[in-house]
1. Give me the pairs: first residue in the range 92-119 and touching a residue at least 60 places away in the same chain (Cβ under 8 Å), second residue among the charged types (D, E, K, R) and surrounded by fewer than 16 Cβ atoms within 10 Å (Cβ to Cβ), beta-carbon distance under 9 Å, and six or more apart or on different chains, which are they?
2. Kindly indicate whether residue 43 is away from the ligand (no atom under 11 Å from the Cβ), within 18 Å of residue 19 (Cβ to Cβ) and of a type outside the set (Phe, Trp, Tyr).
3. Counting only residues that are part of a helix (DSSP H, G or I) and in contact with a helix residue (DSSP H, G or I) (Cβ under 6 Å, 6 or more places away or on another chain), which one in the range 64-74 is surrounded by the fewest Cβ atoms within 10 Å (Cβ to Cβ)?
4. Would you check which residues across the range 81-109 are in a helix (DSSP H, G or I), of a type in the set (Val, Ile, Thr) and exposed (fewer than 14 other Cβ atoms within 10 Å of the Cβ) and list them?
5. Regarding the range 11-22, can at least one residue be identified that is among the polar types (S, T, N, Q), under 26 Å from residue 98 (Cα atoms), at pLDDT 95 or above and not in a helix (DSSP H, G or I)?
6. Is it fair to say residue 54 is without any contact (Cβ under 8 Å) to a residue 60 or more places away in the chain and more than 14 Å from the ligand (Cβ to nearest atom)?
Amino acid sequence: MTMNTYTLLLTTHVGSAAISITFFIVRGIWALNGSPMLRAKFVRIAPHVIDTILLASAIALAIMIHQYPGTTGWLTVKVVALVCYIGLGMATLKGKTHGVRAAAFAAAVATFAFIVSVALTHNPLGIFSLAG
Ligand code: HEM
């Protein structure tokens, strides 16, 4: 089976996104349970590796389709929403109270789903572009 570069990058991008959210949900549950698993070396390092692959494939895809954040609206929104997702992810893992961690966790998962909807619609409003 052969795959062109674009398909390979897209598969890498979508695949690493799927692994990223799956792993984040597991860590979020551990954070809410106060699990010591969060401190395991693999658990601390793997997300950085996955997210680096996710972002590198995103940049490569943008170059291949000649559309860039700052110029193309839906890509600008993806980057901004990704920064929100990272911030909410940090609050999920490090939030001072259980309430803060739980709220940040729910908001992070919702933000991720919104990013997927922006990707699929190529619209800055994502899922909300379907309303009205
Ligand atoms: C959590 C973060 C992200 C998720 C979940 C995500 C998800 C996705 C998905 C599901 C697709 C496939 C869309 C389709 O097949 O129609 C896609 C494509 C793409 N994403 Fe992302 N993405 C993320 C971050 C980013 C970022 C930060 C950029 C910024 C450059 C980016 C750039 C792209 C590009 C250029 C494509 C290809 C679109 C096309 O050729 O039609 N992604 N993304």
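The values are calculated or read from the model by the stated rules, or taken from the named source; none is laboratory data. Note that the structure is predicted; figures quoted are calculated from it, not measured. Using ideal geometry, Cβ is built from the backbone for each residue, glycine included, and neighbour counts are taken over all protein chains shown.
1. Close Cβ pairs (under 9 Å, with a partner that is among the charged types (D, E, K, R) and surrounded by fewer than 16 Cβ atoms within 10 Å (Cβ to Cβ)) amount to 101/94.
2. yes
3. Initially, the range 64-74 is screened for residues part of a helix (DSSP H, G or I), giving 64, 73-74.
Applying the additional criterion that residues be in contact with a helix residue (DSSP H, G or I) (Cβ under 6 Å, 6 or more places away or on another chain) yields 64, 74.
Numbers: 64: 12, 74: 18.
Selected residue: 64.
4. Those that are in a helix (DSSP H, G or I), of a type in the set (Val, Ile, Thr) and exposed (fewer than 14 other Cβ atoms within 10 Å of the Cβ): 83, 86, 100.
5. no
6. Working: without any contact (Cβ under 8 Å) to a residue 60 or more places away in the chain: yes; more than 14 Å from the ligand (Cβ to nearest atom): no.
Considered against the rule, which asks whether it is without any contact (Cβ under 8 Å) to a residue 60 or more places away in the chain and more than 14 Å from the ligand (Cβ to nearest atom), residue 54 comes out as no.
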